[in-house]
Each structure stands twice: as C-alpha cells, then as structure tokens.
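Input: a single structure, listed below in structure tokens.
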Amino acid sequence: MSHQVYAFEPPERFVAGTVGAPGERTFFLQARGGGRLVSVALEKVQVSLLAEKLEELLLEAQRRFGVDLPVEPPAEVADNDPLDTPLDEEFRVGTLGLAFDVDTATVVIEAIAVGEDEAEEPEEEDEDEIIAADRDRLRVRLTPQATRAFIERAKRVVASGRPPCPLCGQPLDARGHLCPRHNGYRR
C-alpha cells in the first residue's frame with residue numbers, strides 16, 4: 001500500500017481550526033500552498049499539546065542555537081479567518097512529530113495518520129518507526145515567526161470551546177455536567 005506525504009515547505013497558510021458547535025467540534029490542522037489544500041483531523045488535546053510542545057521547541061532552539069525568536073507574532077500575521085473550503089479530511093492524526101532544523105532555522109511539524117493497529121498495545125520503538133513509515137503524513141516547515149503565529153491561533157481555538165469546570169477542569173455544557181469532584185451530583 002502506498003502512502004501519501006503532503007509536504008508544504010513552507011506553506012502559504014498553516015492553521016488549527018474547528019468545525020461544529022462547542023461540545024461537538026471537530027479539530028483540524030490545515031495547510032495550503034501551491035494550489036493544494038490539505039486538512040487532517042485530530043483531537044482537541046492534540047492541538048493543545050502541539051501548541052505547548054512548539055513553544056518548548058522554540059525556547060530550546062533559542063537556548064541551544066541562539067536563534068532569535070519572536071515573543072509575539074507580528075500583528076499582521078494574526079490569522080483569525082475560518083478554515084478554507086472544501087474541507088476534506090485526508091486522514092485522522094495519530095502521531096505528531098516536531099523538529100528544529102538548525103541549518104534553515106525552521107520548525108518541521110509532521111502529522112502522521114493513525115494506523116489500523118493503533119488501538120492495540122504499543123510495540124517496541126523500532127517497530128513503531130517502521131510501521132509509521134507506511135502511513136500518510138502531512139509535513140510543514142515554518143519560520144519561527146510563523147510557528148509563533150500558529151501557536152497563538154491554536155491556543156485561541158482550543159480556548160474558544162466550552163468553559164472548563166472550576167473543580168475538575170472538564171468542559172461544562174449548558175446542562176452542567178457530572179463532576180467527579182461532586183460524587184456524581186450535577187453542578
């Protein structure tokens with residue numbers, strides 16, 4: 001089975017976004033460039049983690065390689081537009097990989113498709129690497145400025161959902177929720 005690598009090095013646009021009402025939102029990473037548009041679906045927690053890990057990666061690059069990093073993205077790169085259409089999900093993301101390319105001072109993000117066997121027990125690392133090579137992937141290469149803009153938008157997208165319960169941190173819906181901190185009583 002052949003796998004597809006969607007490479008955008010660099011993309012014209014790379015954003016996290018959602019479709020649907022809070023509580024039923026589907027999260028996407030979307031890359032556009034060279035007349036192509038690629039959208040991959042992922043979980044809210046993956047978007048949140050990606051923003052967090054990218055921030056750590058930028059700080060590490062600054063510390064280790066003296067890369068001059070923007071603290072804030074320039075205002076003109078703030079992207080609050082909705083996702084581009086048509087919104088066709090290429091695949092669901094199982095694994096996210098991040099790297100900093102010292103030679104080009106760019107951040108490389110890889111979103112790798114979920115494998116059929118991913119629900120099973122994880123195997124040894126080496127086997128996982130071989131298996132992951134047979135999966136579709138989206139690869140983008142971003143400047144530190146573009147990475148910072150992606151992080152800021154991803155944080156806004158994650159935060160714009162349902163407010164968290166002040167006791168347990170789980171999202172509240174309009175009817176409240178069964179809070180584990182209240183022994184099953186509705187808030």
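The values are calculated or read from the model by the stated rules, or taken from the named source; none is laboratory data. These numbers were taken from a predicted model, which means no experiment stands behind them. Reconstructed Cβ throughout: ideal geometry from the backbone, glycine too, with neighbour counts over all protein chains shown.
Summary of computed values
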{"quantity": "Among (1) surrounded by fewer than 18 Cβ atoms within 10 Å (Cβ to Cβ); (2) within 20 Å of ARG162 (Cβ to Cβ), the one test that PHE28 misses", "calculated": "(1)"}
{"quantity": "Members of region 82-111 that are among the β-branched types (Val, Ile, Thr) and part of a strand (DSSP E or B)", "calculated": "VAL93, THR95, THR106, VAL107, VAL108, ILE109"}
{"quantity": "Tally of residues being assigned to a helix (DSSP H, G or I) and hydrophobic (A, V, I, L, M, F, W, C) across region 33-73", "calculated": "11"}
{"quantity": "Search result, residues across region 1-32 that are among the aliphatic types (A, V, I, L, M) and not in a strand (DSSP E or B)", "calculated": "MET1, ALA21"}
{"quantity": "Residue within region 39-50 that is over 25 Å from THR104 (Cβ atoms), buried (at least 18 other Cβ atoms within 10 Å of the Cβ), among the hydrophobic types (A, V, I, L, M, F, W, C) and touching an Asp or Glu at 6+ places or on another chain (Cβ under 6 Å) present", "calculated": "yes"}
{"quantity": "Flag if GLY33 is of a type outside the set (A, V, I, L, M) and touching a residue at least 60 places away in the same chain (Cβ under 8 Å)", "calculated": "no"}
{"quantity": "Verdict on ALA61 being in contact with a Phe, Trp or Tyr (Cβ under 8 Å, 6 or more places away or on another chain), on the phi < 0 side of the Ramachandran plot, modelled with pLDDT of 95 or more and crowded, with 17+ Cβ neighbours inside 10 Å", "calculated": "no"}
{"quantity": "Criterion: surrounded by 12 or more Cβ atoms within 10 Å (Cβ to Cβ) and either modelled with pLDDT of 95 or more or at positive phi (or both) - qualifying residue of LEU54, LEU69", "calculated": "LEU54"}
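Yes or no, residue by residue, for (1) modelled with pLDDT of 95 or more; (2) more than 20 Å from VAL67 (Cβ to Cβ); (3) not hydrophobic (A, V, I, L, M, F, W, C):
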site	(1), (2), (3)
ARG92	yes, yes, yes
LEU98	yes, no, no
ILE109	yes, no, no
ALA113	yes, yes, no
PRO122	no, yes, yes
ASP126	no, yes, yes
